[in-house]
Amino acid sequence: MRQQLASDNYAGLCPEALNALVQANRGHAPSYGQDHWTAEACDQFRALFETPCEVFFVFNGTAANALALASLCHSYHSVVCHRYAHIETDECGAPEFFSHGAKLLLADGEAGKLDPARVEEIITRRGDIHYPKPRIVSLTQSTELGTVYRLSELRAIQQVVQRHGLSLHLDGARFANAVAALNVPPRALTVDCGVDVLCFGGSKNGLALGEAVLFFNLAAAEEFAYRCKQAGQLASKMRFLAAQWLGLLKEGAWLRYAAHANECASLLERELCALPEVELLFPRQANAVFVGLPEQVIVALRQRGWLFYTFIGLGGVRLMCAWDTEESTVRAFVADVKAAM
Ligand SMILES: Cc1ncc(COP(=O)(O)O)c(C=O)c1O
């Protein structure tokens, strides 16, 4: 299939992760995370975040989010998240299922970002026994609409979270793209903003599959391994999940690739916005570009073989660049938009 702009999940495995897999494929190794690749990958994360976090490797983002949330709350609690949060719209109720019933309370906010005032309003709306007790605020960074929380915005959320004694969960399926966009150390966007648990996305950053769950709140990590096992998320051949991370983290490939994806999205945004009938729906701050296009252009693009989603967030065409996006793909897409117009 030609290279697409439909999703960063369409991309293959980056060479660093692939080489690491090949290296890890030598001989025998202890199973269930007792191997040295897993230990090294955990240490790499601790070095990257400059903190002694607890690290777990799971197969996908839904499991990472759902299990992380479950570890921070009881069944009678609630989780405040954005109306367009992946945990609300695209996880088939997994957070509610794995927490045995914790309710998601939906907040609004511009361009996919939680508004701290709205979050506080939801947290303080009810204090009686009949309402699920707010326990967690969940953010996505970068957001489902391709925007990025700036440090000041994260701190404003942190203040609300701390004022009410809640926990902070970060869905970082595209955390790397946010770090690349903001150009600050990962620690500044997480530990220093009071994040308890980060689900760090690997699949969209160049792995074949796999996400890392990082507990900065060490107490919350207690018995998390049992949750993973019970949920079918404990890989017996863990070395193959962990080794990929080693390849991605070791020489900064994770950040280079995320920056590359963001740059491709920036080029796409510039080229599309120069066309009269294209409407940019949200500020392009990471690797996603959301545009409004005339219906006949959408049909013509699909006829020319382009794949893309039109149901995410408020609708519109979502275009997503990945670690391997080529400039020629961006230019070919733009040329087809022009032709269709
Ligand atoms: C914001 C966000 N969170 C989490 C995920 C992870 O989902 P999956 O369970 O498909 O790996 C995705 C994938 O699209 C996502 O966009």
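Note on the range 229-309: semi-axes of the ellipsoid equivalent to its C-alpha gyration tensor, largest first and rounded to whole Å, are 36, 18, 11. With pairing defined as another cysteine C-beta under 4.7 Å, the cysteines of the chain that fail it are Cys14, Cys42, Cys53, Cys73, Cys81, Cys92, Cys193, Cys199, Cys228, Cys273.
Each of the peptides 275-288, 126-139 was scored by the mean count of other Cβ atoms within 10 Å over its residues; in descending order, highest first, they stand as 275-288, 126-139. Within the chain, which complete DSSP H helices have Cα atoms spanning at least 15 Å along the helix axis and a mean Kyte-Doolittle hydropathy of -1.0 or higher? Span-like helices, by this rule, are 36-49, 61-72, 151-163, 239-250, 253-273, 327-340. Each Lys and Arg adds +1 at its Cβ and each Asp and Glu adds -1 at its Cβ; summed about the Cα centre, the chain shows a dipole of about 240 debye.
Beyond 15 Å, the tail of the calculated P(r) for the range 1-76 holds 74 percent of the Cα pairs.
With R₀ set to 51 Å, the beta-carbon distance separating Met1 from Glu222 gives a calculated FRET efficiency near 0.70.
As a test, work out the antiparallel percent of DSSP beta bridges whose residues both lie in the chain, rounded to the nearest 5. For the chain, the DSSP antiparallel bridge percentage is about 50. Here the range 207-280 is assigned +1 on the Cβ of each Lys and Arg and -1 on the Cβ of each Asp and Glu. Its dipole about the Cα centre then comes out at about 620 debye. The convex hull around the C-alpha trace of the chain, projected and averaged over every direction, spans 17.0 square nanometres.
Judged by the mean number of other Cβ atoms found within 10 Å, the most tightly packed of the peptides 89-101, 295-307 leads the ranking 89-101, 295-307.
For the range 14-173, compute the orientation-averaged projected area of the C-alpha convex hull (one quarter of its surface), in nm². If you wrap the Cα atoms of the range 14-173 in a convex hull and average its projections, you get 11.2 nm². Heavy-atom accessible surface of the chain, averaged per residue, reaches 43 Å², computed with a 1.4 Å probe. Modelled spin-label separation between Ser328 and Gln162, with each label point placed 7 Å from Cα along the Cα-to-Cβ direction: 5.2 nm. When the Cα positions of Pro276, His100, Thr143 are compared along the charge dipole of the chain, His100 comes out farthest toward the positive end, with charges on each C-beta of Lys, Arg, Asp and Glu.
Distance between the pseudo-spin-label points of Val184 and Leu275 (7 Å out from Cα toward the beta carbon): 3.5 nm. Estimated from the Cβ-Cβ distance and a Förster radius of 41 angstrom, the FRET efficiency linking Asp90 and Leu18 is about 0.90.
In whole percents, the pair-distance distribution calculated for the range 192-255 from its alpha-carbon pairs, binned every 10 Å from zero, is 19, 46, 33, 3.
Computed in the context of the full set of protein chains, the accessible area of the range 211-341 at 1.4 Å probe radius has 51% of its extent on carbon or sulfur.
For the pair Gln34 and Arg83, label points projected 7 Å from Cα toward Cβ lie 5.1 nm apart.
The values are calculated or read from the model by the stated rules, or taken from the named source; none is laboratory data. Keep in mind that this is a model prediction, so the values were computed, not measured. Reconstructed Cβ throughout: ideal geometry from the backbone, glycine too, with neighbour counts over all protein chains shown. With ligands, DNA and RNA removed, areas are computed over all heavy atoms of the protein, side chains included. Shrake-Rupley method; radii C 1.70, N 1.55, O 1.52, S 1.80 Å.
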